[in-house]
1. Any residue in the stretch 147-167 that is closer than 16 Å to Val9 by Cβ and not β-branched (Val, Ile, Thr)?
2. Within the stretch 48-65, identify whether any single residue is β-branched (Val, Ile, Thr), modelled with pLDDT of 95 or more and under 27 Å from Asn156 (Cα atoms), and answer yes or no.
3. Please go through the stretch 31-45 and pick out each residue that is surrounded by 13 or more Cβ atoms within 10 Å (Cβ to Cβ), at pLDDT 90 or above and part of a helix (DSSP H, G or I).
4. When Val76 is evaluated against the numbered criteria (1) in contact with a Ser or Thr (Cβ under 7 Å, 6 or more places away or on another chain); (2) more than 18 Å from Trp34 (Cα to Cα); (3) surrounded by fewer than 22 Cβ atoms within 10 Å (Cβ to Cβ), which criterion, by number, is the only one it fails?
5. Output the residues belonging to the stretch 76-107 that are within 19 Å of Gln3 (Cα to Cα) and at pLDDT 95 or above.
6. Please verify whether the stretch 99-119 includes one or more residues that are touching a helix residue (DSSP H, G or I) at 6+ places or on another chain (Cβ under 6 Å), crowded, with 17+ Cβ neighbours inside 10 Å and more than 21 Å from Tyr33 (Cα to Cα).
7. Do we find a residue being among the aliphatic types (A, V, I, L, M) and part of a loop (DSSP other than H, G, I, E, B) anywhere in the stretch 104-118?
8. Please indicate, with yes or no, whether at least one residue in the stretch 61-82 is in contact (Cβ under 8 Å) with a residue 40 or more places away in the chain, part of a loop (DSSP other than H, G, I, E, B), within 24 Å of Leu125 (Cβ to Cβ) and not basic (Lys, Arg).
Amino acid sequence: MLQPPKYTVRRLLPTDAPSFYKAVRESIDELAYWMPWCSKNYSMSDAEAWIKTTSDMWASGAEYPLGVFDSTTGEVVGGTGINYINRAYRIGNIGYWVSSKRTGEGIARFAAHQSAVLGFGELSLTRLEIVVLAHNQASKRVAEAVGAKLECEARNRLYFQGVPHSAFVYSLVPGDLR
């Protein structure tokens, strides 16, 4: 018998703000290190503003942020989405994060896969990139697990903690997706 998925990926709603805030706060040390949008002072009003912004991004077609939810409890366990979209070339970038207490459960792989399905399906993109800081081993494993191909180490590709850094550029095209 087929098991229902453990996780759900969908647009964030205003009612998700408390759960989103909780997931960020539980992961604040890791997220503040990796994610430029997160700081040690992250507040409930930041979560509410982000969710409002995600709605605006979807409406304008600029970006497609998504929440990742535990299917049983409905709690936010991470985030994913497609950003840095270039419509002329039909490309975009996949990003993801997972609540610190939920790492190691395959959530990031599931989330990245679902973002790719959105990108290739609904958005009709033909190339998705996952750009990973050279020292982010966990994100490299996620990119490889969804079938992304390592194309290069790009110098000064990401601006991280105030300094340009090299990053690995992975790509997915529709036939790569696992």
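1. no
2. No: zero hits.
3. Listed by number, the list holds a single entry, Met44.
4. Every listed condition holds for Val76 apart from (3).
5. Matches in the stretch 76-107: Ile107 only.
6. No: zero hits.
7. No, there is no match, as no residue in the stretch 104-118 is among the aliphatic types (A, V, I, L, M) and part of a loop (DSSP other than H, G, I, E, B).
8. For the stretch 61-82, residues in contact (Cβ under 8 Å) with a residue 40 or more places away in the chain, part of a loop (DSSP other than H, G, I, E, B), within 24 Å of Leu125 (Cβ to Cβ) and not basic (Lys, Arg): absent.
The values are calculated or read from the model by the stated rules, or taken from the named source; none is laboratory data. On a predicted model such as this, the values are computed, not experimentally measured, just so you know. Cβ sites come from the backbone with ideal geometry, for glycine too, and all protein chains shown count toward neighbours.
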